[in-house]
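The values are calculated or read from the model by the stated rules, or taken from the named source; none is laboratory data. Owing to the predicted nature of the structure, the values given are computational and were not obtained by experimental measurement. Cβ sites come from the backbone with ideal geometry, for glycine too, and all protein chains shown count toward neighbours.
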């Protein structure tokens, strides 16, 4: 199993999450995904010792700004992923390390969505982190079949890590 380096930053003032806790949960989810789907992910066929990615916690105003600037979409998002390794034509591995990219999560949207779904904000945050990891691994949900696969895998991962 590779070393998993996750770097986080929280620039959202209204929820000081336990970043260490969510880094560990993200590692557990990542390990679960590797045990189940590594041969279907963007990592298939590559040799590496370390995986790294970033998580930025912010506001929906920030995701709106990022969406406009980088994705030419004029709306705030609950999550944005920049899957550097999965989306690149050239798979770059430096000293045995793969940088998968970045997950950006709007914490105010997490709170709003948790209220709508009737789940805790902690569960909703873990759900979005697990979703972002799947995107970093090269999974998408453009079809209903792909969407169902992604959501079912997320649910299993979150049961496995007991969120």
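Can residue 12 be described as modelled with pLDDT of 95 or more, buried (at least 17 other Cβ atoms within 10 Å of the Cβ), touching a helix residue (DSSP H, G or I) at 6+ places or on another chain (Cβ under 6 Å) and assigned to a loop (DSSP other than H, G, I, E, B)? Here the answer is yes, as residue 12 does meet what is asked. Would you be able to say whether some residue in the stretch 129-141 is in a helix (DSSP H, G or I) and surrounded by fewer than 16 Cβ atoms within 10 Å (Cβ to Cβ)? Among the residues of the stretch 129-141, not one is in a helix (DSSP H, G or I) and surrounded by fewer than 16 Cβ atoms within 10 Å (Cβ to Cβ), which makes the answer no. The selection criterion, being buried (at least 17 other Cβ atoms within 10 Å of the Cβ), in contact with a strand residue (DSSP E or B) (Cβ under 7 Å, 6 or more places away or on another chain) and touching a residue at least 12 places away in the same chain (Cβ under 8 Å), holds for residue 30.
Taking only the stretch 111-131 into account, find how many residues are free of Cβ contacts under 8 Å to residues at least 40 places away in the same chain and within 15 Å of the chain's Cα centre (by Cα). Walk me through it before giving the result.
Kept after step one, since they are free of Cβ contacts under 8 Å to residues at least 40 places away in the same chain, are these residues of the stretch 111-131: 112-120, 124, 127.
Add one more test, that the residue is within 15 Å of the chain's Cα centre (by Cα), and what stays is 124, 127.
Matching residues across the stretch 111-131 total 2.
Which ones in the stretch 62-90 are more than 26 Å from residue 1 (Cβ to Cβ) and touching a residue at least 24 places away in the same chain (Cβ under 8 Å)? Steps first, answer last, please.
Applying the first criterion (more than 26 Å from residue 1 (Cβ to Cβ)) to the stretch 62-90 yields 62-78, 80, 89.
Within the stretch 62-90, 62, 63, 66, 76, 77, 78, 80 qualify.
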